[in-house]
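The values are calculated or read from the model by the stated rules, or taken from the named source; none is laboratory data. Computed from a predicted model, the values in this text were never measured in an experiment. As a convention, Cβ positions derive from the backbone with ideal geometry for all residues, glycine included, and neighbour counts pool all protein chains shown. Accessible surface areas use protein heavy atoms only, side chains included; no ligands, DNA or RNA. Shrake-Rupley method; radii C 1.70, N 1.55, O 1.52, S 1.80 Å.
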Amino acid sequence: MRAGWEERPIILLDGLHKHFGGVVALDGLDLEVERGTVLGLLGPNGSGKTTTVRILATLLSPDSGYAEVAGISVTEHPAAVRALIGLTGQQVAIDEHLTARENLAMVARLRHVPGAVAREQVDDLIERLTLGALASRVVRTLSGGTRRRLDLAISLLGRPRVLVLDEPTTGLDPQSRFALWEVIEDLVRDGMTVLLTTQYLEEADRLATKIAVIDAGRVVAHGRPEVLKAAVGTEVIELVLHDAMDVARAAAALESLAAGGVVVDLGARVVRLRASQRSTIIDTVRCLDAAGVELEDARVHNSTLDDVFLALTHRETAGVVDGADVRCLDGQPDRAVGTLGPVPERPSGAPWPLACSQGDRERIVTRLGHAVQDTVVIVWRNLLRYVRLPNLLVFSTVQPIMFVLMFNYVFGGVIKLTVRGPYIDFLMPGIFVQAVVFGSTQTGVALADDLSRGMVDRFRSLPMARLAVLMGRTLADGVRNLTVLVIMAGVGTAIGFRLERGLLPALAATGLALAFGLSFSWLSAVVGLVAGNVEAAQAGEMTWILPVVFASSAFVPVTTMPGWLQAFSKADPVTLTVDAMRGLVLGGPVEVRLVESLLWVAAILGVCLPYAVWRYHRLA
C-alpha cells in the first residue's frame, strides 16, 4: 500500500468516465467511502451502478478518471486491488456441480490462503452463515437463499478489507433477505467496509451509513439517509387520480405548489409532491378541483428513501433540490474529491536490470508458484465436473465407443473398402483423432457456460493468475482425452485392433493425438469466448468440426471420395494427423505427414492461444 493511504477514504473515485460505444455509462463520477462504513449506491436501471462496481473489482477499466482502494490504484495495480476486495455480483456465481464446501475450498486456494488457515476460514464461514447441514450437498440441490448465503461466504474468504455487494438480495424471499441483512450488519460491526448497490430502498435505509444516489453516470445526492429524507421534505403528498388521462394536467397544475418538483406514476394514476407551507394537502386538493381534475384518494406520509429516489432521479436537472447542490447533504463540510491531491507515490523500484535482485527473484518464483497452483485448482474443478455430469461422461466415452462399433461393422462389414490389413486397424487411428477433436468442443461450451453463469467474473475478480482459467480448462480436457483414448484402445483391442510397431510408436501416436486435441481446445476456447453463451458456442463449434472430421480420412481412404472432395481432404489437418498416426502404429511412411500435422498444431496454437488470452483479458 502506498504511503499516506491511511488518511484517505478506503474507496476513492475521482472523475470516472466510461462509454460503451455511444452509451455514456459514467459521466465524471466522484465518490468516497470511509473505512468501516456501508455506502448504499442507489440509482435507476442504467444509471451506472454496476459499471462502477465492475471498475472497482478490476473487471472493467475506466476511459478516464482515477479509482483506488486502500491507497492502491485500480488501474495500475489491479492484482493488488483484487486481494483487498470481495465481490458478490448480481448473479450467484457458484459452481453448481461442486458441493458448498468444495466451492469454498476452491476459492480459498485461488485466493492463496494457506492450507490450515483456509480450512479454518471455510469452517468458520460455514458456521457463521448457517450452512453446516448443507455444506456437503451439491449446490444445484440448494435453495436460492442458501446459494446467496454461500455466494456471500465465498466473497469473504481471505478476509478482504472491502466487500462489494451488487444487488445481493435480488430475487430472494423476505425471510432470506432479512437473514442476509443480519449477516451484513454483523460484518460491519466487525469493521468491514461495504459498498452496496440495491433496488430495495428499505435495504439501503436499514444497512447504509450513507447513501449516494447516481443518475446518468453522476452522483446527484450524497449523505446520511435521514438527511436525504429531510431534504425532500418531512412529508409527502400522494394524490391518486380517478382517470390516468388527467395525470399530465394535474402535474402541470401543481407545478407552482411543488417545492421539489412533481413526480408522476402514470400506471398507478399517482402524483406526488413534497408538503410545504405553501402546499398543504388542502391547497393541492383545491388546485386540482380548480383544474377540473377528479381525485380518487389523497394521503400524506413521512418521507422515505423511495421519495428521495423518485425526487432525484425523475428531475430534468439532476443534483438540485430547491436550487441547491445536493451532492453532500450531511450538513458537514464535505471535501471535494479533487482536493485530496495526488496519492503519495511508493518508492520507485529499480528498473528491470540485467540481473534481478534476490527480492525480485523471490517474487517471480512466488508468482510462478501461484500460477501453477491456480492452474491445478482449475484442472481439479473441471475434472470433478466431468465425474458429476453424466451427459459429459456419455459424450466423452460412450459416443466414441459407439463410433468404433458402428464404423467397424458398417463400413468394414457392409461396404467393402480397399485398405491394407483389417479395417479395424485402419479405423482406430481415425476414431482416436475424431474423439479428441469432438471432445475439444467442450472447452468452448464450458467457457461459454461459465461466462453466462458469472463464474468467469468470479475468477477474474480473484487475486489469481488469470491465464490459469484457460490453461486449467484446456489441460483438464487433455486429461479427459487421454482417458477416452485408453478406453477406446481397450474396446478396439477387444474387437481385433493390434499394434504393428510396438509400444513406443503407439505412445508417440498418443502424444500426437493429445497435442492435436490440445490445439483444437484452444480453437474451441476462442469460439466460446466470442460466443458468450452455450447455444451460440455449440452452433459455432459444429460449423467447423463436422467438415474437418467427416471430410477427412478418419473413416474411409481419401481415394474413395469424390474427386472434388479429395483436394480438401488431403489438406485437412485431421487427415494429416490420422495418416501420421497410422504410419506410427501400423507401419508405412510417416515423416512427411508427422511434420505437416505438427505444423498444423503449432499454427493453431500460435494463433488461437494468444488470441484467447487477449480476448479473456478484454472481457467486459
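Things worth noting here:
- Remark: accessible surface ordering of S61, S176 (largest first) is S61, S176, probe radius 1.4 Å.
- Computed over the stretch 33-164, the alpha-carbon pair-distance distribution with 10 angstrom bins reads 12, 38, 33, 16, 1, each value a whole percent.
- To the nearest 10, the accessible area of K210 is 60 Å² with a 1.4 Å probe.
- Per residue convex hull volume, Cα atoms of the stretch 96-152, in Å³: 69
- Averaging 1/r across all pairs of distinct Cα atoms in the stretch 539-620 and inverting the result yields a Kirkwood radius of 14.3 Å.
- Base-10 log of normalised Debye intensity for the stretch 117-200 (one unit scatterer per alpha-carbon) at q = 0.23, 0.26 Å⁻¹: -1.28, -1.53
- Residues W600, W544, sorted by accessible area with the largest first, give W600, W544 [1.4 Å probe; ligands and nucleic acids excluded].
- Calculated FRET value between T141 and F550, using beta carbons and R₀ = 51 Å, to 0.05: 0.80
- Projected-area average for the stretch 489-585 over all orientations - Cα convex hull basis, square nanometres: 7.7
- Largest to smallest accessible area among L98, L499 [probe 1.4 Å]: L499, L98
- Accessible area (Å², 1.4 Å probe, nearest 10) - R388: 70
- Rounded to the nearest 0.05, the FRET efficiency derived from the C-beta distance between S61 and L368 at R0 = 25 Å is 0.45.
- Alpha-carbon centroid distance for the pair the stretch 489-566 / the stretch 445-477, whole angstrom: 25
- Debye log10 I(q)/I(0) for the stretch 1-102, one point scatterer per Cα, at q = 0.10, 0.18, 0.23 Å⁻¹: -0.32, -0.91, -1.30
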